[in-house]
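For reference, the structure is listed below as structure tokens.
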Amino acid sequence: QAVKTINSLIHSDVFATLDIVCINAHTKKAYLVKSAACPTFLIRKGRLLQLDGHSLPVGIIEEIEPDCIELQLESEDEILMISDGIHLQEVQYWMQTREKGNVHEELKQLMQILNRRVREDDSTALLFGLEPLLN
């Protein structure tokens, strides 16, 4: 309902992507709401799982139906959310070369990879580990 309200407020010639994740620590479930957003990645046991949506951006049409994805989380899962300035190949390279540490150190490693070239678009990444939330 919140996405539909936002959509009605900005419905005009303006539109925006929307990428939301909500985590229920009691049920250990994550809920992703995506409207034309870049993929979100679930990192589980060293594997990179890409979670895509296919809905239109908010604000582009009167009635919007965002993609909703439900995940059952495991204790060592990580979630990586990125903006469109980051390429999938950069994320894959980071996965191959990263040294496990705390989330801050791992995100710093990704930023070092991203800083190797001039960015044509903003490059925002959000990485969070779920273990402290789920235990």
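The numbers here are math on the coordinates, done by the rules we state, and not lab data. Quantities reported herein were computed from a predicted structural model and do not represent experimental measurements. Here the Cβ is made from the backbone with ideal geometry for all residues, glycine too, and neighbour counts use every protein chain on show.
What you get for the chain, charging only the Cβ of Lys and Arg (+1) and of Asp and Glu (-1), is a dipole of about 460 debye around the Cα centre. Among the listed options [x] 0.98; [y] 1.89; [z] 1.13, the one matching Cα Rg over 2.2 N^0.38 Å as calculated from these coordinates is [z]. Could you list the residues of the stretch 14-53 with an amide nitrogen less than 20 Å from a label point located 7 Å from the Cα of Glu131 in the Cα-to-C-beta direction? Hits in the stretch 14-53 for Glu131 at 20 Å: 23-30, 41-49.
With 0.36 nm allotted per residue and the present C-alpha distance subtracted, the His26-Gln1 stretch has 6.7 nm of extension available. Neighbours of Asp121, meaning other residues whose beta-carbon lies under 15 angstrom from its beta-carbon, give a summed charge of -2 when Lys and Arg score +1 and Asp and Glu score -1. If the chain linking Leu56 and Ile113 were pulled fully straight, counting 0.36 nm for each residue of separation and taking away their Cα-Cα distance, it would gain 17.5 nm. Counting only alpha carbon atoms, the long axis of helix 103-114 and the longest principal axis of the chain meet at about 80°. Between amide H atoms placed 1.01 Å from N, distances below 5 Å from Ser55 occur with Ala36, Asp67, all of them 5 or more places distant or on a separate chain. Which one, Cys68, Asn115, Val58, projects farthest toward the positive side of the charge dipole computed for the chain from Cβ point charges (K/R +1, D/E -1)? The one lying farthest along the dipole's positive direction is Asn115. Taking only Cα atoms, what is the 0 to 90° angle, nearest 10, from helix 88-97's long axis to the longest principal axis of the chain? For helix 88-97, the angle is close to 20 degrees. In this label model, Ile10 and Glu78 are separated by 2.9 nm, measuring between points 7 Å along each Cα→Cβ vector. Applying a threshold of 31 Å to the alpha-carbon distances of Lys4/Lys29; Lys4/Lys100; Lys4/Lys108 flags Lys4/Lys100; Lys4/Lys108 as lying beyond it.
Counting charges near Glu74 (Lys, Arg +1; Asp, Glu -1) among other residues having Cβ under 10 Å from its Cβ returns a value of 0.
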